[in-house]
């Protein structure tokens, strides 16, 4: 009888420990991934993951860290402000100069990167100055000396440098002012800039007094929005062990949203509204159409590293990076986590 009682006590004690352990397996006790996000389309899948508890359901917790653009994200690497980033063209500087690691491409970001001018300016009357770019506006005579607003270290800068190169204008022959995305649009509207590089959603908020000069597709440039991992996080076993699950969930969400356009629209709109960014339904729909999320099937076939090296080489050609940084970018681009995810 005493033996039976002892067994029962052991079982009760063991159950209590199990129950307490299960109780501790709450969002507060899960490994945390600090994800750098922006209040724009680029980070909307992260919002969907958080809103639907898909991080917690898969054994980790996302802590979103908000940034206005990719440039400040790179600057924050040194202070260990986050682990993972959803970042556009600025990724190349974080990887080249701060040894961040590209671990996935999650959005085809070619669309929604445009250059605009006022409709009555002389450059608007010159189309196809360079026959290789028949849809592009502007020429050396109509562009030299103009004030151009861009967000440095982002795809907006890529658009401007590509455009100037296409029409044969050196950067020293124009006046480039550096502002964040929203400020570029406001400066352009207020006539403080003759030309502006406008990313979505701002490129969808133009009016009849403005004319599109060029976009990345017309300039023959393809780009992706990236997922990067800081070097400190890359060397942290507690973080890297959950990165495959993070990527797997991210691409499953991409699959879900790309297969249901209404759901995708609502998710993107909610992300904008939740984070104080203004965009009309029409603007949001245009962005959803222009920038498809990379699906699991697409991610499995992409050769990670090729685009990143080409993008770095482009920045070298524009004197934005030292030549040896191309090898650094390629070396710090890895598909190891994607392989584990899939």
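The values are calculated or read from the model by the stated rules, or taken from the named source; none is laboratory data. The structure presented is a predicted model; accordingly, all values stated were derived computationally and were not measured. We place every Cβ from the backbone using ideal geometry, glycine too, and count neighbours over all the protein chains shown.
Which fully enclosed helices (runs of 4 or more DSSP H) of segment 167-268 have 1 or more residues being under 20 Å from the mean Cα position of the chain (by Cα) and under 29 Å from residue 103 (Cβ atoms)?
In segment 167-268, 181-189, 231-234, 243-259 are the helices (runs of 4 or more DSSP H) which contain 1 or more residues that are under 20 Å from the mean Cα position of the chain (by Cα) and under 29 Å from residue 103 (Cβ atoms).
Taking the criterion of being in a helix (DSSP H, G or I), closer than 21 Å to residue 254 by Cβ and in contact with a strand residue (DSSP E or B) (Cβ under 8 Å, 6 or more places away or on another chain), the residues of segment 298-332 that qualify are 299, 307, 308. Against the conditions (1) out of contact with any strand residue (DSSP E or B) (no Cβ under 7 Å at 6 or more places or on another chain); (2) in the same structural domain as residue 179 (by TED's automatic domain parsing); (3) under 21 Å from residue 291 (Cα atoms), residue 90 satisfies every one except (2). Among the residues of segment 114-126, those that are farther than 16 Å from residue 144 by Cα and surrounded by fewer than 17 Cβ atoms within 10 Å (Cβ to Cβ) comprise 119, 120.
For residue 306, the conditions (1) loosely packed, with under 14 Cβ neighbours inside 10 Å; (2) at pLDDT 95 or above; (3) under 18 Å from the mean Cα position of the chain (by Cα) are fulfilled apart from (2).
Listed by position, the helices (runs of 4 or more DSSP H) inside segment 30-106 whose residues that are touching a residue at least 40 places away in the same chain (Cβ under 8 Å), under 16 Å from the mean Cα position of the chain (by Cα) and over 23 Å from residue 303 (Cα atoms) number at least 1 are 44-51, 70-75. For segment 280-297, a residue qualifies if it is outside any helix (DSSP H, G or I) and within 17 Å of residue 45 (Cα to Cα), and the qualifying residues are 291, 292, 293, 294, 295.
Kindly evaluate residue 280 against the criterion of being surrounded by fewer than 16 Cβ atoms within 10 Å (Cβ to Cβ), assigned by TED's automatic domain parsing to the domain that holds residue 67, over 30 Å from residue 128 (Cβ atoms) and out of contact with any helix residue (DSSP H, G or I) (no Cβ under 8 Å at 6 or more places or on another chain). Here the answer is no, as residue 280 does not meet what is asked. Identify all residues within segment 309-326 that are within 15 Å of residue 98 (Cβ to Cβ) and surrounded by fewer than 18 Cβ atoms within 10 Å (Cβ to Cβ); write none if there are none. Within segment 309-326, 322 is the sole residue that qualifies. Restricting attention to segment 134-157, the residues that are assigned to a loop (DSSP other than H, G, I, E, B) and more than 29 Å from residue 71 (Cα to Cα) add up to 3. In segment 230-247, the condition of being surrounded by 17 or more Cβ atoms within 10 Å (Cβ to Cβ) and closer than 29 Å to residue 117 by Cβ is met by no residue. Apart from one condition, residue 66 fits all of (1) surrounded by fewer than 23 Cβ atoms within 10 Å (Cβ to Cβ); (2) closer than 27 Å to residue 111 by Cα; (3) out of contact with any strand residue (DSSP E or B) (no Cβ under 8 Å at 6 or more places or on another chain); the exception is (3).
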